[in-house]
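One structure is given here, and the rest of the page talks about it.
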Amino acid sequence: MAQMTTADRAGSLRAAPGLLERIDLPRRVVFLAAASMIAIVALLLAFITWQGLQLFLKDGVSIGQVLSPTWQPDSTSSGLNFGVLPFIAGTVLVTGVALLISTPLSVGLALFLSEVAPAWARAIVQPALEIFVGIPSVVWGWLGLTILVPFLSDTFHHKIAISLPIVGEVFSMPGFLTGFSWLAGSLVLSVMILPTITSVSYDAFRAIPQELRTGSLALGTTRWQTIRHILVPAAMSGVLTAVVLGMTRAAGEALAVQMVIGNSPTLPAAITQPVTTLTSQITLDMGNTVFGEPWQDALWTMSLVLLIISITSVVLVRLINKRRMGS
Amino acid sequence: MTVGASTAQRVPDGSHQSLHRKASRGSILADRAATVALWGTGVFVLLLLGAIIAHFAIAAVGVVSPGFVLDDPSDTVLGGILPILWNSIYILALTMLIAVPIGILGGIYMAEYASDNALTNAIRFAEESISSVPSIVVGLFGLILFVDTFHMGFTALGGSLALTMFNLPLMTRLAEQALRAVPQEERSASLALGATKWQTIRHVVVPLAIPGLVTAVILTAGRVFGEAAVLLFTSGTGTPAHYDFSFINFNAPSWAMTSPWSPFRPATTLSVYIWKLNSEGLGAFKNQIVDGSAAILIAMVLTFNLGARLIGRVLTRRLTAA
């Protein structure tokens, strides 16, 4: 009985819930705001998928043709063919080399920040990285175009590379005289994805318990041995996540790449030749085509490919993280 | 750790030396080399950023002047970028007007209400998906939705809505982090005083999270300001020659299409302008204009970034001292 009284008194302290409280309007409003992102993704998937399939449904182009290497979309000339292989290959090649350049550098930088750098150095480098993230992609493209491309064609190509034994062979292949190339695109991208890979791997290294480091060092290992044999394996899933995120950013980057790769819709024979990517070709052609014509439909198919790449990487990151949680 | 400790106990006295197994000469050299290389990465990043800032500072000399900022573009002389800069600021303001309330409200749901269920998981998945969708694809989505479906044409409003969709995940996540950083005790104390959950959020949690929320807004604004690919096919690439800022007669028939205050006109921003000048490659002063515009963009990025830090710090001090 005594308990009942206490409960009654506690109940009387609170007013009976009014209508407004029962509906809990604020909860509904904030929920709608958060759930709007689901609506955006659903709409985006629906529209891009629908547009992307028009090339097959409406224009009757076969999947075999889309995966062929010939890009001849202009209906005024003969031999109409919508092969997007050069664009997919270009995206894969440019992104791949960018990751090869950027991953060691970024993971090294993450290790520097988490294991080596004194507080003052961290206090300088971390804000610098944040500024890096903020530099717009057109500015990276412009830097690539005005500094990197001339450097590659004049200084590097004419003065250094040609005289070297094996490198010279590669660089004397046709197509590099201008500097607009697969290599230029990869170099620009590698700098652009550096902050992404660095910050995600940095978080992974920071999450490693301090005991692992002290334990390893107590066994008489050097810091580098600890990093190589203990820290890098322990943070592997985080580093992998970082690389996937960097890959997504690189594959989706449009304007900076478009400005430096030369935009030639053919499969490149060497890293020194011009290429084109999915994003680059969409950017260039979308404005010159008419809504509903097969040429533009092919561009929508290419953006569907980009969308599939990015959603796949989200799922991939989730799988990697789930495995980490599980182990 | 535990293995090492137990081994140490089992080792008989007198053989302590074996515990301190000296690292071999080779491994010490490798360690030194690695240290140098890791320092090298840090130095590399700083040098690169320094070089970029210095490059644009030098390039800006002789281009960026009050006239460059305040004049209309010209074909015959260097001219200025006033209408384009205005568009950048206009689209930024319009985007933030839409994105900030939705982002903060969404952040409140994720931080205060969301429980660990499938729905929350779906929201997180959507958040991550939009973040990883290429900006050009978001721009294309805007093209189908606003230009092709709603027949709005290229408009500042369409650009702002596309930018909102693109930056909502960032804004929501930063707002959520800011709200989560508020200590749990504050909520408990408020609820114990009889406040409802919403009263607690409105009068306790959100005010305490203001420094973090302000930082979130500024960081999002920085990203919106530099974005170009989202805007290419939503707000368009046409270069306005001149804006009549006194055109505020909303009833005039041409207002919607020509007034700089109208959200229903095409609006080329600074980033889009750089891309457009470069791809069209026309004009004797192209390089100078792009250098000057890029210098202004970099300066804005620096301002947003340092501003976010500074204002966040000042607000934290003021609010915690009060």
Restricting the calculation to Cα positions, tell me the Rg (one decimal) and the Dmax (whole number) of chain A in Å.
26.6, 99
Return a whole-number percent for the relative contact order of region A:228-327, with Cα pairs under 8 Å and 6 or more residues apart as the contact set.
31 percent
Determine ³J(HN,Hα), in whole Hz, for all residues of region B:131-145 in sequence, where each value follows from phi through the Karplus function 6.51 cos²θ - 1.76 cosθ + 1.60 and θ = phi - 60°; x replaces Gly and Pro.
4, 9, 5, x, 4, 5, 6, 5, x, 5, 4, x, 4, 5, 5
Top positive-direction residue, dipole computed over region B:99-249 with Cβ charges, set B:Ala178, B:Leu193, B:Ala118:
B:Leu193
Taking the dipole of the protein assembly as shown about the Cα centre (Lys, Arg +1; Asp, Glu -1; charges at Cβ), the one of A:Thr155, A:Met286, B:Ala33 that reaches farthest to the positive side is B:Ala33
Taking A:Leu219, A:Leu319, B:Leu277, A:Leu109 and counting other C-beta atoms within 10 Å, the order from fewest to most:
A:Leu319, A:Leu219, B:Leu277, A:Leu109
So what is the relative contact order for region B:164-322, in percent, with contacts set as C-alpha pairs under 8 Å and at least six apart?
25 percent
One checks the Cα atoms of chain B and finds Rg and Dmax, in Å, of 26.9, 99
With eigenvalues of the C-alpha gyration tensor scaled by 5 and rooted, region A:168-327, Å:
40, 22, 11
Can you work out the Karplus-derived ³J(HN,Hα) for every residue in region B:253-270? Use 6.51 cos²θ - 1.76 cosθ + 1.60 with θ = phi - 60°, whole Hz, and x for glycine or proline.
x, 8, 4, 4, 8, 10, 5, x, 8, 7, x, 9, 10, x, 9, 7, 9, 4
Calculated from DSSP helices alone, with each H run of at least 4 adding -39500 (n - 2.57) and the total divided by the residues of chain A, [θ]222 nm to the nearest 500 comes to -21000 deg cm²/dmol
Taking region B:265-322 on its own, what percent of its Cα-Cα pair distances exceed 18 Å?
54 percent
With each pseudo-label sitting 7 Å past Cα toward Cβ, what's the A:Thr289-A:Thr214 distance in nm, one decimal?
6.2 nm
Lys, Arg +1 and Asp, Glu -1 on Cβ, resulting dipole of the protein assembly as shown about Cα centre, debye, nearest 20:
2340 debye
Per-residue ellipticity at 222 nm attributable to helices in chain B (runs of n ≥ 4 DSSP H, -39500 (n - 2.57) apiece, nearest 500 deg cm²/dmol) works out to -21500 deg cm²/dmol
No solvent, one uniform scatterer per C-alpha: report log10 I(q)/I(0) for region A:218-305 via the Debye equation at q = 0.11, 0.21 1/Å, two decimals.
-0.52, -1.02
Computed from the mean reciprocal separation of all distinct C-alpha pairs, what Kirkwood hydrodynamic radius does the protein assembly as shown have, in Å?
27.5 Å
Note down the magnitude of the dipole of chain A about its Cα centre, charges +1 on Lys and Arg C-beta and -1 on Asp and Glu C-beta and zero elsewhere, to the nearest 20 debye.
1260 debye
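Here, each number is a calculation from the coordinates, and none is a lab measurement. This is a predicted model, so every value here is computed, not measured. Methodologically, a virtual Cβ is constructed for each residue, glycine included, from the backbone with ideal geometry; neighbour enumeration extends over all protein chains shown.
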